[in-house]
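Every number in this text was worked out from the coordinates using simple rules, so none of it is lab data. Owing to the predicted nature of the structure, the values given are computational and were not obtained by experimental measurement. Using ideal geometry, Cβ is built from the backbone for each residue, glycine included, and neighbour counts are taken over all protein chains shown.
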Amino acid sequence: MSNTDQTATGGSTTPNERDGSIQMQSLTKIYDPGGEHVTAIDEIDLGIEAGEFVSLVGPSGCGKSTLLNCIAGFIEPSHGQIYVDGNPIDGPGADRGVVFQENRLLPWKTVRQNINLGPKMRGKIEDGRAEELLSKMGIEGTGDQYPTELSGGMQQRAEIARLLANDPEIMLMDEPFSALDALTKEIMQELLLDIWEEDNRTVVFITHDVEEAIFLADRVLIMTAGPGRIKEAIDVDLERPRDLDVTTTPRFNELKEQALSAIVEEARAAMESEQ
Amino acid sequence: MSIADSVEDKLTVARSRVDTLPSVPRWVLKGLSIALFVATWWLLVEIGFLGFDLLRTPLETAVSLVSFIAGEKMGQGDSIYVHAYHTLYRVVLGLGLAVATAIPLGLACGWSDWWRSYVYPAFELLRPIPPVAWVPIALIALASEFLGIIWVVFIGAFFPIMINTMEGVAEIDAEYAQAVKSLGGGRWELYRHVVIPHTIPSMITGTTIGVGIAWIAVVAAEMLSGGPGLGYVTFQSYRLMDTGVVIVGIIVLGTCGAVSSSLVSRVGSYLTPWTDEVRK
C-alpha cells in the first residue's frame with residue numbers, strides 16, 4: 001500500500017509542511033438499537049498519510065458514513081482509537097473539516113457570514129478572505145445572499161469555501177456531490193482536485209461512484225458489506241494533475257474493473273446474507 | 001388540426017380577451033366588503049333586531065369617535081387618551097416581562113434535559129389555567145390593581161412564548177450543531193450561532209400569539225378590577241347603558257390589537273431576513 005511517490009511530490013509542492021495523518025486502531029462501532037447489536041464497522045486498522053487523498057467505496061450500509069463520522073468526532077467508537085498526527089481525537093474539531101451530501105450552511109447567515117464563521121469563532125478572521133474563496137470556488141458575488149437562494153451546486157461550493165476558510169489539515173467529505181446533476185458533479189470534481197493540488201490537505205472522500213473514487217483519489221478503499229471492514233485497497237497510479245480525460249484511458253478502466261469486481265462481490269455477499 | 005387543438009386555440013383567445021378587460025381594483029373589493037358590514041350594522045340598529053335598537057348607528061358612532069378623539073371625556077371623566085395610555089402601559093409591561101422571562105426559560109427547557117425534567121413541570125402545572133381565571137387571586141395576592149392586572153397580562157403572554165420557544169429549540173437539526181462543532185465552535189458558539197437564530201422564528205410566533213392573549217387578558221382584568229383603562233371604561237359604560245362609549249371602546253381596542261400584532265410581525269421579519277428571502 002505504499003504511496004510514497006505521490007505523497008512525496010505532494011509534499012514538495014506545499015509551501016508549508018502540513019500535517020494531517022490519520023491512524024485508526026481496531027476501530028469498532030456497534031450500534032445497539034433495543035438490545036440488537038449491529039456492528040457497523042469492525043476492527044478497522046487503517047493509516048492515512050498526511051496529504052493523501054483517499055476514497056472510500058462500498059455497498060450501501062457498509063459503514064462508510066459511520067467511519068467518517070468517527071473520524072469527524074460526531075460518533076464515539078465502541079472501542080478502538082483514532083489518532084490525528086499521533087494525538088487521539090476527542091470530539092469534533094477545527095482540524096477536521098466536514099462536507100456533507102446535503103448542505104449544512106446555516107440558513108440564517110449569509111454566504112459570507114457562513115464562510116467567516118469558523119475564522120470568527122477561532123478569532124482568526126481576515127478581511128477579504130471570504131471574497132477570495134468565493135471567487136476561487138467560482139461563486140463570486142453571492143456573499144450577501146442566503147444559502148437557500150443558491151442552487152445545489154453553488155451551495156456545495158459555498159460549503160467547501162466555508163471549510164477552506166478554516167484551513168483544516170483534513171477534509172472529510174461524505175458523498176458531497178451525489179445530489180448534484182452529472183455535469184455539475186464533473187465540474188465540482190475537477191474543482192476539488194484543483195484545490196487539493198494547491199495545498200495537499202488530507203482528504204477522506206466517501207462515494208458510491210467508483211469512477212469518481214478512482215478519478216479523485218491516490219488510494220481507493222473498498223469496504224465489505226456489514227460489518228464494515230476494509231476489503232481491498234487499490235493504489236491509483238494515474239498521473240497528476242488529472243482532468244476528466246483520464247477517465248477514458250485504458251489504465252483507468254483496468255482500475256475500474258478491479259474495483260467494480262470487488263464491490264460486486266461484496267454486494268452479492270450482502271444480498272445473500274440478507275436472504 | 002385536431003379538435004383538442006382547436007378547442008385549445010379558442011380557449012387561448014378567450015383567455016386573452018378576459019385578460020384585456022380592466023380588472024376590478026383590489027381596494028374596490030375591500031371597500032365593498034367594509035361597506036357591506038357597515039350597512040348590515042346600520043340595518044340591524046334601524047330595524048331593532050333583538051337588542052340592537054339600544055346601540056348606535058355607524059354614523060352616530062363615527063361622530064362620537066371623532067369627538068372622543070378631539071378630547072371629550074369618556075365615562076368617569078378621563079379622556080380616551082388617558083384610558084388608552086393605562087391599558088397600553090399594562091400590555092407593554094406585562095408582555096415585556098413575559099418576553100424577557102419566557103424566551104430564556106424556553107431556551108433552557110428546550111435545550112437542557114435537566115431544565116426540562118426539573119423546572120418545566122412546575123410551569124406545566126400552571127399552563128392550563130386560563131389567564132382570566134387568575135384575576136381574583138392576582139388582585140388579592142398582589143394587593144394592588146396595577147400589579148394584579150400586570151400579572152394576568154404577563155401570565156397570558158408567557159406560556160405561548162415559552163412553549164413556542166421550547167418547541168423551536170427541539171426542532172434544531174443535529175446537523176447544524178455538527179457543522180458548527182467541526183468549524184471549531186464550542187458550547188457557547190453553538191448557542192449563539194445555531195440555537196438562538198434557529199429559534200427566533202418560533203419566538204416571534206409565540207410573541208404574536210402572546211400579544212393577542214395579552215389584550216384579551218388586559219381587557220378582562222380591567223373590567224373586573226377598575227379603571228382607568230379601555231377595558232374598564234367599556235364595561236363601565238355598559239353598566240350605564242352608554243352604548244356609544246361601549247362601541248367606541250371596542251373600536252379602539254380592536255385598533256390597538258391590530259396595530260400591536262402588526263408591529264410584532266414587522267419586528268419579526270426585520271429580525272429574520274433569511275425567511276423573507278425564502279418567500280421571494
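Straightening the chain between residue B:118 and residue B:14 buys 30.6 nm, computed as 0.36 nm per residue apart minus the Cα-Cα spacing.
Would you please classify the overall shape of chain B from the alpha carbon gyration tensor, given that a ≥ b ≥ c denote the square roots of the eigenvalues, rounded means a/c under 1.5, and beyond that prolate means a/b larger than b/c while oblate covers the rest? Oblate, because a/c is 1.5 or more while a/b does not exceed b/c. Inter-chain neighbour count for B:192-200: the average number of beta-carbon atoms from partner chains within 10 Å of each residue's beta-carbon is 2. Extending 7 Å from the Cα toward the beta-carbon at both residue A:261 and residue B:265 defines two label points whose distance is 6.7 nm.
Counted over chain A, the DSSP beta bridges are approximately 50% antiparallel. Our helix-only sum for the protein assembly as shown, with -39,500 (n - 2.57) per DSSP H run of n ≥ 4 divided by its residues, gives a mean residue ellipticity at 222 nm of -19000 deg cm²/dmol.
Spin-label pair residue B:174-residue B:37: with each label point 7 Å from Cα along the Cα-Cβ axis, the two points sit 5.0 nm from one another.
Of the Cα atoms belonging to the range B:3-55, the radius of gyration and Dmax stand at 22.0, 66 Å.
Peptide A:101-109 has a mean shielding of 5, counted as Cβ atoms of other protein chains within 10 Å of each residue's Cβ. Short-range pairs are left out: with C-alpha atoms under 8 Å and at least six residues apart, the relative contact order of the range B:73-279 is 26 percent. For the segment A:117-125, counting C-beta atoms of other chains within 10 Å of every residue's C-beta and taking the mean gives 4. DSSP loop GluC sites (Glu not before Pro) in the range A:171-275 with at most 14 other Cβ atoms within 10 Å of their Cβ, which ones? Filter output for the range A:171-275: A:239. Just checking the listed ones, A:79, A:208, A:37: in the Gaussian network model of chain A with Cα springs under 10 Å, the one fluctuating most is A:37. Semi-axis lengths, largest first, of the ellipsoid equivalent to chain A are 29, 22, 19 Å, with √(5λ) applied to each eigenvalue of the Cα gyration tensor. Sequence-distant contacts, meaning Cα pairs under 8 Å at least 6 residues apart, place the relative contact order of chain A at 25 percent. The Cα atoms of the range A:154-228 cover 36, 28, 19 Å along the three principal axes, with the biggest extent listed first.
Considering only Cα atoms, the convex hull volume of the protein assembly as shown works out to 286 Å³ per residue.
Looking at the range A:95-243, the DSSP beta bridges with both ends there are about 35 percent antiparallel. A simple spin-label model places pseudo-atoms 7 Å from Cα toward Cβ; at residue A:31 and residue A:151 they are separated by 3.4 nm. Of all the options B:241, B:166, B:223, the one that moves most in a Gaussian network model of chain B with Cα springs shorter than 10 angstrom is B:241.
Under the shape rule built on the C-alpha gyration tensor, where the axes satisfy a ≥ b ≥ c, the range A:65-213 is oblate, since a/c reaches at least 1.5 while a/b does not exceed b/c.
Is the C-alpha gyration tensor of the range B:220-280 telling us rounded, prolate or oblate? Criteria: a/c under 1.5 is rounded; beyond that, a/b larger than b/c is prolate, otherwise oblate. Judged from the Cα gyration tensor, the range B:220-280 comes out prolate (a/c at least 1.5, a/b above b/c). Comparing B:228, B:131, B:104 in a Gaussian network model of chain B where C-alpha atoms under 10 Å apart are linked, the largest mean-square fluctuation is found at B:104. Highest mean first, the peptides A:123-129, A:241-247 sorted by other C-beta atoms within 10 Å per residue fall in the order A:241-247, A:123-129. If R0 is taken as 60 Å, the Cβ-Cβ distance between residue B:92 and residue A:239 corresponds to a FRET efficiency of 0.25.
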